[in-house]
Structures are given as C-alpha cells and as structure tokens.
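Asker: This is the structure, below, for whatever I ask next.
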Amino acid sequence: PVTASQSRHERLALELSCAICLQLYRDPVALPCGHNYCLGCIQNAASAEDPKSPRRCPECREEYGSPEELPKNFKLSSIVDGHLKKHEERHRSLHVLYLCAQERLFLCSECLMEGTHQHHEVQTFEVAKEEMKRVLEELGKSVSDKLQMTEALLKSASEGPTDKAEDKLVARANILLDNMTSLINTYKVRMVITITQYSRIRQAANVTIPALPSQESSNAKQLRSVLRTDGFRAEMSLLLEYLHGLMNPLDLTFNPATAHPSLLLSSDLKTVKQCAGVKSNTAGDQSERFSTATQVMCTQSFSTGVHMWAVEVGPGCMWSLGLCYKSIPRKGDHSRLGHNTSSWRLQWKNKKLTACYDLANVSVGEGLVMPPKRVEVTLDYEGGTIAFHSSGQGGRRQHLHTFSAVFKDIVYPAFGIHSTSEDSKLGVCTGKTLS
C-alpha cells in the first residue's frame, strides 16, 4: 500500500516536473506568462516551430522572446535539488536493487512502487551484471583475435631485413596497437566500476524486495548505451581500419602499354604528364594503347573489396580521373572516359568540374572556386560506389561526387590529361585497401 508520505512525495515530484519532458526540471527557466520549462525542452520546442512565427508558450500560447534570453528560475532549481537530495538520503536506508535502463538511474523500492518508471525498462542487479559480463566477453574475444593476428604480422615483418620505411611502418602500427590496448583497458575499467557499484549497493541492502521478471534480451540495447558500448565499437573499428590500411598498402602504377603516345611516364610509373609534339616509344603491341584520348590506365585492377587512393594534381592541369573496364575502346571519341558504358569519370576542364557516365555530363562541386590539388578516390566494389573527395590542408575533405553502379567486370583506375603546360601532370599516391 502507498503511504501518506509516499503520496506527498509523488505529488511534489509531479509539481517539480516539466510539462514537456514529464521529468524533474533540469536548468528550469521562467516564461513571462509564469510557466516554467527545462531550458533544453523549451529550446527544442522553439526550434520545431516556424522560425518566422513568434515564440509562444506551449501551454497558454502567450508570446515570448528568444529561449536563450529567458531567465533561469533559481528558486525552482534549488527546490528540485533539495528534492533530489532527500531522495538520495532515502536510497542510503533502502534496498537499491534496480536500474532504470531508459533513464540510467538507480531505483530503490519506493521509486519502484511510486509508478514513475512503470512504463520504463527496469532490470535487476543480477540481470544487469550478467548482461554486462556477456557484452564484455563478446567484445574482448573479437578484439583479441584481431590483435593477435596483427601482432603476428608485425612480428613477421620485424624478423626479416628492414629499412627505414619498414621501421616507420612498424612504429606506426605499434602506436595503433597501443591506442587499441588503452581503449580496451578504459572500457574494462568502466565495466568493473559499474559492477562494483552494483555489488556495494547490494551488500549494503537490509530488506528483501520481490525480484522483477528477467528482461535480459529487451534491455541489451539500453545496457550498451549505459556502458557506451557503441562508442567503443566505433573507435575500435576506426583503429582497426587504420591498421588494416597500414598493413595492406595499395601501390598503384601507370601501365605504359595503355598510355597515349603524347603522355610521358616517370621511371617509377607514378607520375604522368603531357608534352605537345613529343611521342613516347610505341614499338610492339599497340592494342591496349589509347590513340585518340590522352589517357592512361593503371596496371592494378579490382574485382572486390573497398579501396582508396589519392591523386596529386599539378597547378593549372586539366584532368580526368575515374575507373574503366578493360574493354573500354582505345580510339575514337567514344574511347574518352565517361563517353561510354565502360567508364566513369570526374573532370576538371575550362574551370568547370563535371562528372560523366555514358555521355551523361553533369556539373558537380558547387561552390568550388579553385581546382582541387589532391583528389581521393574510394571504390566500394560490392557496394557499387565510386566516391571522389578533395583533400586539403589539415586533412579537410570536401565531397565532390559519388557514382552508383553495378560492376560487371574487373575495373582499372584511369586518368586523362587535357593540358600541355609544364605543370600539367598527375601523380598517383600510395593508397590502401580498406576491406
């Protein structure tokens, strides 16, 4: 049965609750009409209204100014704080065996009987403890397997003859591993603190409360939220992605057999430029060589996975970047990248950035004033996308365009140069295989 004191307590909690969120006030502010709301609630309510219309009280519809200009109700805030302090004192003398997963609050028996949390997901200490242990074990096993595999790769690399580049690679990989270890340890500490807190509360209990039905499966999502498991997974996935790319570099080179005769390739086959009136050696088989468009393909190709590479663009250069099938025509206007169903291309020419596939040419990069100096290309073969981003100082990236396609054959990175100035050149940088 509900006692008179419990009834008074419940009525007081109702009086101290915001009419929008139905929870105890947080940073209460007073409107000119006399109604009070949480600052965050009134800001959200105002943002949902037409910005051209005057702000109105959600209850009486009286106009008021900006939510940011509303005065804080210090007296109401003090009353709420006092109410919470009294409730915390009650917790010390009662058996606290429950957790409201929705609000992330510990509950005593009176909290439970008041009915405030009756529509929330509430679980017992035992269920929470077992669920947290299970989550930690799952994450620990997954991460442990990946770390063991990575450490084996690093050990193998360090046992053979190394040069400075390989030493740097191992050093960078070790830094990533240290970051992973630190992340795992932080998560474990958070887990232990939470379980220990539950244990101490339970040991201090001195009354028996009927156990709630087990809701392990339905509360899993809320527990992960309490423990910030999603954030842990996201950070770990990002570190693993960096590590995977580090251990699986993508070394692209131009294929001389495909280069148009007026294109000159560097000795390492990573830079290409066009020189008017100069013809490269065209002896031997010419079936793969572009004879109309000043283009070149890479030797490497892709038939699965996610891959990213970057292209350095010379100042004043007019260029095309993209992908093509090996079956792309090698002569005639329809051999140009994007002028057929065998290729996709992004092009900077005559101060315009365009994307083209099967002769469907569209302007992209709205607001782009200067041509990109570095362009990143990301291919997701199974996902069917080719994404282009400009990469600036400080790692700033701007999305330029994304093609959607269903790839039916092996694809090759392809490039074109449409200007003949001394700085008209493209350089392909070492990329990475992401999956």
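The values are calculated or read from the model by the stated rules, or taken from the named source; none is laboratory data. As the structure is a prediction and not an experimental result, all values here were calculated from the model. Ideal geometry is used to build each Cβ from the backbone, glycine not excepted, and the neighbour counts take in all protein chains shown.
Asker: Scan the range 48-65 for residues that are part of a loop (DSSP other than H, G, I, E, B) and either in contact with a Leu (Cβ under 7 Å, 6 or more places away or on another chain) or without any contact (Cβ under 8 Å) to a residue 12 or more places away in the chain (or both) and report the count.
Answerer: Going through the range 48-65 one residue at a time, the tally reaches 10.
Asker: Please verify whether Arg345 is assigned by TED's automatic domain parsing to the domain that holds Phe415 and free of Cβ contacts under 8 Å to residues at least 40 places away in the same chain, treating the condition exactly as stated.
Answerer: So Arg345 fails the test.
Asker: Let me ask something else about it. For the range 312-322, state whether one or more residues are assigned to a loop (DSSP other than H, G, I, E, B) and either polar (S, T, N, Q) or outside the structural domain of Ser363 (by TED's automatic domain parsing) (or both). Spell out how you get there, then give the answer.
Answerer: To start, the set of residues in the range 312-322 that are assigned to a loop (DSSP other than H, G, I, E, B) comprises 314-318.
Still in the running and either polar (S, T, N, Q) or outside the structural domain of Ser363 (by TED's automatic domain parsing) (or both): none.
No, there is no match, as no residue in the range 312-322 is assigned to a loop (DSSP other than H, G, I, E, B) and either polar (S, T, N, Q) or outside the structural domain of Ser363 (by TED's automatic domain parsing) (or both).
Asker: Select from the range 408-434 the residues that are assigned to a loop (DSSP other than H, G, I, E, B), in contact with a Ser or Thr (Cβ under 9 Å, 6 or more places away or on another chain) and not aliphatic (A, V, I, L, M) and list them in ascending order.
Answerer: Those that are assigned to a loop (DSSP other than H, G, I, E, B), in contact with a Ser or Thr (Cβ under 9 Å, 6 or more places away or on another chain) and not aliphatic (A, V, I, L, M): Asp409, His418, Thr420.
Asker: Here is a check on your reading of the model: is Ala360 hydrophobic (A, V, I, L, M, F, W, C), over 21 Å from Phe254 (Cα atoms) and within 31 Å of the chain's Cα centre (by Cα)?
Answerer: No.
Asker: Still on this model: How many residues, within the range 323-337, are touching a Ser or Thr at 6+ places or on another chain (Cβ under 8 Å) and outside any loop (DSSP other than H, G, I, E, B)?
Answerer: 5
Asker: Separate question: Mind listing just one residue for me: the one in the range 288-299 that is in a loop (DSSP other than H, G, I, E, B) and either of a type in the set (A, V, I, L, M, F, W, C) or touching a strand residue (DSSP E or B) at 6+ places or on another chain (Cβ under 7 Å) (or both) and, of those, farthest from Arg345 (Cα to Cα)?
Answerer: The residue in question is Phe290.
Asker: To continue, here is another question. Condition first: basic (Lys, Arg) and closer than 21 Å to Phe254 by Cα. Can you find one or more residues in the range 417-429 that meet it? Give the derivation first.
Answerer: At the first step, the residues of the range 417-429 found to be basic (Lys, Arg) are 425.
Okay, now just the ones that are also closer than 21 Å to Phe254 by Cα, so 425.
Yes, there is a match, as at least one residue in the range 417-429 is basic (Lys, Arg) and closer than 21 Å to Phe254 by Cα.
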